[in-house]
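The values are calculated or read from the model by the stated rules, or taken from the named source; none is laboratory data. Computed from a predicted model, the values in this text were never measured in an experiment. Positions of Cβ are generated from backbone atoms using ideal geometry, with glycine treated the same way; all protein chains shown enter the neighbour counts.
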Number of protein chains: 2
Amino acid sequence: MTHTNISQDEPIYSIGTAARLLHISVHTLRMYEREGLFIPYKKDSNQRLFSKKDIERIECIRRAINESKISINGIKTIYSLIPCWDVIECSTEDRKVCKAYNGHTNACWSYKHPKTICENRECRTCEVYNSFGDCSSIKEKIKEITTTNI
Amino acid sequence: MTHTNISQDEPIYSIGTAARLLHISVHTLRMYEREGLFIPYKKDSNQRLFSKKDIERIECIRRAINESKISINGIKTIYSLIPCWDVIECSTEDRKVCKAYNGHTNACWSYKHPKTICENRECRTCEVYNSFGDCSSIKEKIKEITTTNI
DNA sequence: GATAATTGACATTTATAAATATCAATAAAT
DNA sequence: ATTTATTGATATTTATAAATGTCAATTATC
């Protein structure tokens, strides 16, 4: 935690290079993005750029799909269980109108967040997005919450 | 939650009848059971019997598969996130050896639980099994934990 | 006691999610 | 400047999860 390696976060790979590194097609990457599984950096020209951390994140998604046999909608549903509200510590009013807090089909970072604390936050750099890319980290978070509760 | 309707819980339907009520085949029901999605009542002769609540539970599973497009392994993974340890209030020692607490592929009720408080508990009648059949109830539980934590 | 339903194990089929292909337009790289 | 890669949108293919089929043995029901 905390020690952020700039080179890990720096968006350097084009979508073509990323696809080659991941042994998947460009189309597949765009599909994953459309489904809200990840958020790539975008240049002013709208072209995507991927960091090493992005690649790792997508490798993790691939394992979920290919090894764990979890469907994309399954992954999205799992992401929807991330207690982002507890990380962000948003207000009760925010929670009332928040699609992430109230939904159970999509990751919080796949929504716009009008009228909440997340309105002007950049999801790609958000702690929630960055801490819970790995599905298994979600259970650890749930454990953390319950044990500190004793 | 408290008011238990006996007729809802009473195992009355054979697997053939259950399959007809659910518009699926007997094979599919057995497959779901093998995957640990639910636990039917079993007669001494080893034959399954289903209660009305069982039927509702399986309808919910069907919606997850057919409407939400979550794969069976996805559902299992979601079930594995249920904080059973918090419901059961098992000990730290129990948690160390518990497959449910430490795994992230299966519902707790699909494991044997040697050397833990759950060792002699009947999963089919357990609060964890009965409270979290509906996937959406899991997020509500997570919310509950985090809000009482404020 | 005879017919119907269940059991588990293994094989097969089918439905569809996931992955590609194609396209014309735009941007990047050499 | 020309080649190569990107964009989004729509259509098509493929890989495989999910659902059935079949079997002989056991149990339930009429």
*Can you name the condition, by its number, that B:G133 falls short on among (1) in a loop (DSSP other than H, G, I, E, B); (2) within 11 Å of the chain's Cα centre (by Cα); (3) surrounded by fewer than 17 Cβ atoms within 10 Å (Cβ to Cβ)?*
(3)
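Let's see how each residue does on (1) touching a Cys at 6+ places or on another chain (Cβ under 9 Å); (2) not in a loop (DSSP other than H, G, I, E, B):
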| residue | (1), (2) |
| --- | --- |
| B:N106 | no, no |
| B:R121 | no, no |
| B:Y129 | yes, yes |
| B:K139 | no, yes |
| B:I142 | no, yes |
| B:I145 | no, yes |
*Looking at A:C123, is it in contact (Cβ under 8 Å) with a residue 40 or more places away in the chain, in contact with a helix residue (DSSP H, G or I) (Cβ under 8 Å, 6 or more places away or on another chain) and under 21 Å from A:R57 (Cα atoms)?*
yes
*Evaluate the following for B:C84: is it within 13 Å of chain A (Cβ to nearest Cβ) and in contact with a Lys or Arg (Cβ under 9 Å, 6 or more places away or on another chain)?*
no
*Is it the case that segment B:15-30 has a residue that's more than 13 Å from DNA strand D (Cβ to nearest atom), buried (at least 19 other Cβ atoms within 10 Å of the Cβ) and either at pLDDT 95 or above or away from chain A (no Cβ under 11 Å) (or both)?*
no
_Every residue from segment B:44-68 that is touching a Leu at 6+ places or on another chain (Cβ under 6 Å) and either over 16 Å from B:I78 (Cα atoms) or among the acidic types (D, E) (or both)_ = B:I55
*With a cut-off of at least 2 residues that are touching a residue at least 60 places away in the same chain (Cβ under 8 Å), away from DNA strand C (no atom under 12 Å from the Cβ) and closer than 25 Å to A:K143 by Cα, name the helices (runs of 4 or more DSSP H) lying wholly within segment A:16-91.*
A:52-66
